[in-house]
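The values are calculated or read from the model by the stated rules, or taken from the named source; none is laboratory data. The structure presented is a predicted model; accordingly, all values stated were derived computationally and were not measured. Here the Cβ positions follow ideal geometry from the backbone for every residue, glycine too, while neighbour counts run over all protein chains shown. Remember, those area values only see protein heavy atoms, side chains included, never the ligands or the DNA or RNA. Shrake-Rupley method; radii C 1.70, N 1.55, O 1.52, S 1.80 Å.
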Amino acid sequence: MKCESARDCIVLLKYGELPDELAGGLEQHLTECEGCRAELEAFQVFEERLALLPVLEPSPNLLAQSRMRLDDELDMIPPHGFLTQLRTNFYRWLGHVQGAPALATLLLGVGFLAGNFTLRYQVAHAPKPQKPVIVTGPDEGVDRGAVANVTGIVTMPNSELVQVTYNRVVPETMEGSLDSPQIRNLLMVGTRSAAADGVRRQSVELLTSECKLGHACQPTAVDGAEIRNALMVSLRYDQDAGVRMTALQGLQHFVGQDQHVRDAVLEAVMHDSDAQVRKIAIGLLEPVQSDSSVRQVLRTVSTQDANPFIRTASYNALQGSADIQ
């Protein structure tokens with residue numbers, strides 16, 4: 001993604017209109033581009049300053065004038081166009097057909113025969129489905145760019161084996177250990193699956209368990225940064241609060257090490273729509289409460305947030321920060 005496109009996406013993000021398919025690309029671009037990160041931070045500072053200003057209600061006179069102007073504009077709308085007239089004539093003709101049972105029966109018979117012929121033609125010329133390709137060895141490579149989506153995940157009991165079903169041109173299945181880079185790549189694709197919420201939830205849960213066990217996510221790991229980025233994207237953009245809470249647990253050990261993780265957790269504290277997610281995010285900030293940016297966010301939330309539960313949690317966290325100092 002180029003900087004020009006990324007800045008357009010930042011504006012859409014701040015207005016809550018960024019499509020899910022662009023969220024991952026924006027997140028990846030922000031990890032690499034200092035200028036666009038500064039643009040995003042400027043938006044955040046602007047929002048925080050706006051939040052401090054009082055909200056002014058429109059005067060009754062302004063509302064009355066606006067309604068009058070709206071009525072005038074509605075009166076100036078031109079008469080119905082050609083399509084509206086065509087629809088009206090169609091319903092009028094339909095009324096005539098209902099009054100003529102013989103004609104209606106004839107039309108129904110013609111439509112039935114035409115539909116039957118079309119169905120037979122489509123069945124005769126439809127391409128035959130291909131059988132799924134099954135890859136059972138963890139050493140077989142998988143190109144993430146060639147994966148359309150992940151459609152199912154099965155975990156083997158009492159083992160680290162995971163079976164991931166995914167689509168290229170036809171459905172495919174790969175089975176391997178959670179330590180396999182190919183399995184991790186598929187799970188990262190699964191965090192962005194739009195087909196089924198269960199796939200996203202399972203993918204985030206498995207990646208989180210790997211982070212907790214220390215098998216992945218570390219800066220020294222080959223795909224550690226990518227897994228953390230996938231969890232941050234889920235935390236910021238997933239519609240399921242349970243998925244966001246699981247992503248928080250996976251990021252817990254990196255709040256003190258990774259500034260990007262810390263920023264994602266701070267965004268969750270300020271903007272997440274679920275109070276329980278925000279409460280967990282506040283708890284995750286305990287090891288870094290001496291950070292000035294963390295204290296500033298907690299101070300803002302403790303005094304201005306609309307949720308008293310969140311205000312109290314932020315206030316208590318600030319008291320803990322004072323004890324540390």
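Please indicate, with yes or no, whether at least one residue in the range 15-22 is at positive phi and not assigned by the TED database to the domain that holds Ala230. Yes, some residue in the range 15-22 is at positive phi and not assigned by the TED database to the domain that holds Ala230.
The set of residues from the range 253-262 being buried (at least 19 other Cβ atoms within 10 Å of the Cβ) and in a helix (DSSP H, G or I) comprises Phe254, Val261, Arg262.
Every listed requirement among (1) touching a helix residue (DSSP H, G or I) at 6+ places or on another chain (Cβ under 8 Å); (2) part of a helix (DSSP H, G or I); (3) at pLDDT below 90; (4) open to solvent by 30 Å² or more (accessible area, probe 1.4 Å) is met by Ser302 save one, (4). Taking the criterion of being at pLDDT 90 or above and of a type in the set (Lys, Arg), the only residue of the range 258-278 that qualifies is Arg278. Scanning the range 305-314 for residues that are in contact (Cβ under 8 Å) with a residue 24 or more places away in the chain, open to solvent by less than 90 Å² (accessible area, probe 1.4 Å) and over 20 Å from Ala264 (Cα atoms) turns up just one, Asn307.
Of the numbered criteria (1) in a loop (DSSP other than H, G, I, E, B); (2) open to solvent by less than 20 Å² (accessible area, probe 1.4 Å), the one Arg244 fails is (1).
Sort through Leu52, Leu18 and tell me the only one that's surrounded by 15 or more Cβ atoms within 10 Å (Cβ to Cβ) and either in contact with a Lys or Arg (Cβ under 8 Å, 6 or more places away or on another chain) or modelled with pLDDT of 75 or more (or both).
Leu18
Could you check the range 222-237 and list, in sequence order, the residues that are in a helix (DSSP H, G or I) and either modelled with pLDDT under 85 or open to solvent by less than 20 Å² (accessible area, probe 1.4 Å) (or both)?
Taking the range 222-237 first, the residues in a helix (DSSP H, G or I) are 224-237.
Correct list: Gly224, Ala225, Glu226, Ile227, Arg228, Ala230, Leu231, Met232, Ser234, Leu235.
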